[in-house]
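As structure tokens, the structure follows; a few thoughts come after it.
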Amino acid sequence: MNSKNYHIVLFDDVCVLCNSFAKFIINKDKKDLIRFSALQSQTAFAFHDKLKRDVDSIVLIDSNNKLYYKSDAVLKILEILNYPSWVCRLLGGIPKTIRDFFYDNVAKRRYKLFGKYHQCPIPSIEIRHKFLD
């Protein structure tokens with residue numbers, strides 16, 4: 001399924017917060033290791049048998065097709081980006097239940113807090129290769 005050995009981030013493409021995080025990833029992805037796709041896309045559908053049914057925010061499918069959800073996905077993305085290790089250690093040192101509690105609370109209120117696009121923003125030509133269908 002993930003034949004190009006890219007890491008794939010599935011995200012809510014109408015969520016302003018999710019799009020901002022995708023832009024952050026794109027800016028930090030100097031080795032061009034990550035691709036993006038909407039949770040409602042054909043790419044996501046190809047993984048439907050592996051995805052949890054109630055996914056509504058971010059999922060990382062690593063280059064070995066292992067899936068990461070919620071705060072684990074965020075931490076793994078930061079690790080892939082070689083983000084400062086002290087940040088990853090600090091966040092990783094917080095128990096998963098606590099990290100996911102905060103993640104879930106922000107995710108549940110993300111449209112109210114950050115807004116929602118009426119349609120998915122179209123990526124610029126320079127980064128369009130990073131987006132899968």
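The values are calculated or read from the model by the stated rules, or taken from the named source; none is laboratory data. If you're wondering where the values come from, they're calculated on a predicted model, not measured in any experiment. For the accessible areas, the whole protein counts, side chains as well, though only heavy atoms, and no ligand, DNA or RNA atoms are used. Shrake-Rupley method; radii C 1.70, N 1.55, O 1.52, S 1.80 Å.
A few remarks follow.
- For the chain, the relative contact order is 35 percent, taking Cα pairs closer than 8 Å that sit 6 or more residues apart in sequence and dividing their mean separation by the residue count.
- Ranked order, K112, K76 - accessible area, probe 1.4 Å, largest first: K112, K76
- In summary, the aspartates and glutamates within cross-link reach of K130, defined as a Cα separation below 18 angstrom excluding same-chain residues under 8 places away, comprise D12, D13, D29, D32, D62.
- Across all directions, the average flat footprint of the convex hull enclosing the Cα atoms of segment 1-103 is 6.5 nm².
- Placed amide H near F36: partners under 5 Å, 5+ positions off or other chain: V9, F131, L132
- DSSP beta bridges fully contained in the chain are about 55 percent antiparallel.
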